[in-house]
1. Among 202, 211, which is the only one that is more than 30 Å from residue 273 (Cβ to Cβ) and assigned to a helix (DSSP H, G or I)?
2. Anything in the range 440-480 that is over 25 Å from residue 405 (Cα atoms), assigned to a helix (DSSP H, G or I) and modelled with pLDDT of 80 or more? List them, or say none.
3. Please determine, by comparing only the residues of the range 89-101 that are more than 18 Å from residue 56 (Cβ to Cβ) and in contact with a strand residue (DSSP E or B) (Cβ under 6 Å, 6 or more places away or on another chain), which one is nearest to ligand 1 (Cβ to nearest atom).
4. If you check 44, 49, which single one turns out to be within 17 Å of residue 149 (Cα to Cα), more than 12 Å from ligand 2 (Cβ to nearest atom) and in contact (Cβ under 8 Å) with a residue 40 or more places away in the chain?
5. With at pLDDT 95 or above, surrounded by fewer than 11 Cβ atoms within 10 Å (Cβ to Cβ) and over 26 Å from residue 125 (Cα atoms) as the only criterion, which of 110, 47 stands out?
6. Under the condition of being without any contact (Cβ under 8 Å) to a residue 12 or more places away in the chain and within 9 Å of ligand 1 (Cβ to nearest atom), which residue from the range 389-408 is farthest from residue 435 (Cα to Cα)?
7. Please give the strands (runs of 3 or more DSSP E) falling wholly within the range 26-85 in which 1 or more residues are touching a helix residue (DSSP H, G or I) at 6+ places or on another chain (Cβ under 6 Å).
8. Restricting attention to the range 201-224, which residues are at pLDDT 95 or above and either loosely packed, with under 13 Cβ neighbours inside 10 Å or in contact with a strand residue (DSSP E or B) (Cβ under 9 Å, 6 or more places away or on another chain) (or both)?
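The values are calculated or read from the model by the stated rules, or taken from the named source; none is laboratory data. Predicted model only: the values in this text are computed from it and were never measured. Cβ sites come from the backbone with ideal geometry, for glycine too, and all protein chains shown count toward neighbours.
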Ligand SMILES: Cc1cc2nc3c(=O)[nH]c(=O)nc-3n(C[C@H](O)[C@H](O)[C@H](O)COP(=O)(O)OP(=O)(O)OC[C@H]3O[C@@H](n4cnc5c(N)ncnc54)[C@H](O)[C@@H]3O)c2cc1C
Ligand SMILES: NC(=O)c1ccc[n+]([C@@H]2O[C@H](COP(=O)([O-])OP(=O)(O)OC[C@H]3O[C@@H](n4cnc5c(N)ncnc54)[C@H](OP(=O)(O)O)[C@@H]3O)[C@@H](O)[C@H]2O)c1
Ligand code: HEM
């Protein structure tokens with residue numbers, strides 16, 4: 001093959017081909033330059049992360065010659081000079097100091113400004129920090145973001161718990177530029193819309209487990225109520241009426257009543273809003289009208305209610321496991337054996353008691369097994385691997401089976417105790433009876449909703465059918 005032919009082949013450029021250069025001879029791609037105003041904690045961590053990812057960083061500072069130690073490779077200049085050199089500027093300065101930006105407005109015209117600021121309290125200012133920044137520098141494109149991350153997270157890189165960056169802003173291009181940069185840093189981006197969402201983003205870091213608050217309050221309230229109810233009925237009653245001090249029972253016996261009762265009540269409170277929602281939808285004949293706020297809030301915290309309920313069930317099972325090794329129980333068993341020997345009498349084996357106890361243990365174990373399954377399926381790694389139908393089958397259908405088993409376990413435990421007048425100390429019903437009220441009512445209502453004609457109507461409504469068509473509403477409105 002001639003040398004001419006070879007050289008012409010090498011010059012031929014195929015569309016999908018990649019030009020290869022010997023190592024060290026290729027021109028390095030120009031690294032993008034980003035600007036950070038403020039050399040404080042967040043500014044330094046962010047700069048370090050950006051440099052590690054391959055960006056060039058320039059800081060804008062009040063004291064370019066005397067600011068503290070900065071990440072290796074970063075430059076530092078006056079605010080005006082730094083702003084001019086980059087098209088994207090991070091505002092790592094507290095809101096109270098933003099007024100200096102007004103003078104810099106001409107230098108910041110057309111630039112993307114990322115507002116990372118947070119406040120110490122909710123509703124501290126009338127206007128969100130990002131909206132205030134946009135007002136100070138009207139010619140710029142403000143994007144709110146990164147404020148939900150700590151300086152520590154930025155320094156160490158995203159972890160599973162802190163991987164999300166929320167963004168909002170009025171310019172789609174500006175948001176796109178910030179989103180691409182955040183993705184390069186390893187974060188996943190969630191777009192929350194226009195700059196009017198900034199206040200919501202600024203409130204995020206001030207919230208402490210907001211969705212757990214109501215379930216925790218409920219758990220605390222129920223535990224306190226049942227603790228004192230049972231303390232009065234079991235311990236104080238024995239002390240006052242029988243002059244017996246059985247206060248030691250607070251530690252295990254009383255706890256092992258309070259925990260399962262709270263667990264069963266909370267489990268039924270997970271499913272009660274679904275029933276109320278179904279009744280409302282049937283009554284209104286449409287699914288398109290909003291639920292009342294209290295029902296919405298209740299629906300939204302069902303996962304947390306369920307997980308807390310599972311926690312109480314775990315405690316009940318652990319307390320139950322230690323029953324055989326308790327001093328009080330071993331003492332009672334040996335005392336009963338000795339008295340039988342002394343009296344030379346053997347207690348008859350009672351098959352009904354054997355059936356009853358074995359049955360309530362067995363049903364309790366089945367209920368607990370399903371309970372745990374519900375808990376496992378709510379782990380994000382598991383629920384992400386399930387289709388919506390599979391998840392809803394476990395949570396809704398198996399959830400009702402769980403509730404049924406746990407309720408049945410409690411009925412079997414109670415057996416005929418409700419017939420004995422001695423059960424109603426000081427005219428109060430035993431705790432287990434109270435715990436059966438909500439789940440029993442719920443299961444009856446669920447059965448009613450499963451009656452074919454009711455179920456058919458509800459399914460149609462949930463598929464979008466409406467009893468009153470919107471046209472009818474318009475006609476009525478016109479007539480009135
Ligand atoms: C241990 C444990 C863990 C749990 N984990 C979770 C969890 O991870 N996530 C979770 O959400 N819950 C969780 N729960 C709570 C509970 O299991 C679920 O909320 C369950 O789906 C409730 O079932 P439901 O049949 O009452 O209601 P749903 O499944 O909500 O509803 C029943 C039907 O109503 C429809 N429907 C519901 N809401 C509406 C609506 N607004 N408009 C129209 N139709 C509607 C549904 O499509 C469905 O067909 C958990 C509970 C426990 C005990
Ligand atoms: N720290 C975090 O974990 C974190 C997390 C999320 C959001 N944020 C937000 O990030 C911003 C910065 O927080 P930070 O923790 O880095 O604060 P910081 O450590 O106090 O640093 C703020 C920087 O702002 C500059 N500055 C101070 N007074 C100024 C003034 N009068 N005029 C102009 N610039 C001034 C200073 O830099 P120069 O001296 O170089 O000018 C200072 O280093 C805040 O809005 C905060 O809400 C912080
Ligand atoms: C491994 C599974 C379970 C076992 C072995 C078990 C066992 C028991 C035992 C031994 C008792 C009697 C306690 C006593 O004498 O005070 C009891 C009571 C009770 N259990 Fe369970 N249980 C199990 C799971 C559950 C679950 C999942 C629930 C549902 C939340 C539940 C709800 C109750 C209730 C409400 C009582 C009555 C408490 C009282 O008033 O004394 N149990 N269970």
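1. Just one listed residue meets the conditions, 202.
2. Looking only at the range 440-480, we keep the residues that are over 25 Å from residue 405 (Cα atoms), and these are 453, 456-480.
Then keep just the ones that are assigned to a helix (DSSP H, G or I); that gives 453, 456-462, 470-479.
453, 456, 457, 458, 459, 460, 461, 462 - these are the residues of the range 440-480 that are over 25 Å from residue 405 (Cα atoms), assigned to a helix (DSSP H, G or I) and modelled with pLDDT of 80 or more.
3. 91
4. 49
5. Answer to the selection: 110.
6. Keep residues of the range 389-408 that are without any contact (Cβ under 8 Å) to a residue 12 or more places away in the chain, which gives 389-390, 392-393, 397.
Then drop every residue that is not within 9 Å of ligand 1 (Cβ to nearest atom), which leaves 392, 397.
On the way: 392: 26, 397: 22 Å.
Step by step, filter the range 389-408, then rank; the result is 392.
7. Hits in the range 26-85: 33-37, 56-60.
8. 201, 202, 217, 220, 221, 224
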